[in-house]
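Asks: Dropping the structure in here first, questions after.
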Amino acid sequence: MKDPYSIVKYPLTTEKNVKVMQEENKLVFIVDRKAKKPEIKMAVEEIFKVKVDKVNTAILPSGKKKAYLKLSMDTPAIDVATQLGLM
């Protein structure tokens, strides 16, 4: 596996993403364009020590890859965002 920090580039913090974080317990990251969903899941679990239930990805018009990570219910996304300094 590649270095987890080369897969997960940075968190996305928009008003919409904060709402998704609070209501659906999801985090949103910009990730490496070539990374597959299982690699993204393993990288986030290793970096933040959380359990990821599901990964959805989208390629943006700018060419970047955005990943929506649904966390397990025992790990609130707000707590991880606070660790990152986003909240």
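Read-outs throughout are calculated quantities, based only on the coordinates presented, and are distinct from any laboratory measurement. Here the structure is a predicted model, which means the values were calculated and not measured. Reconstructed Cβ throughout: ideal geometry from the backbone, glycine too, with neighbour counts over all protein chains shown.
Asks: Can you give me the distance in nm between label points at THR75 and ILE59, each placed 7 Å from the Cα along the Cα-to-Cβ direction?
Replies: 2.8
Asks: Expressed as a rounded percentage, what relative contact order does the stretch 4-72 have, with Cα pairs under 8 Å and six or more residues apart?
Replies: Rounded, it is 35 percent for the stretch 4-72.
Asks: How do 54-64, 70-80 rank on mean C-beta neighbours within 10 Å, highest first?
Replies: In decreasing order of mean packing, 54-64, 70-80 become 70-80, 54-64.
Asks: Using 0.36 nm per residue of separation minus the Cα-Cα distance, give me the extension gain between LYS34 and ASP3 in nm, one decimal.
Replies: Between LYS34 and ASP3, full extension yields an extra 9.8 nm.
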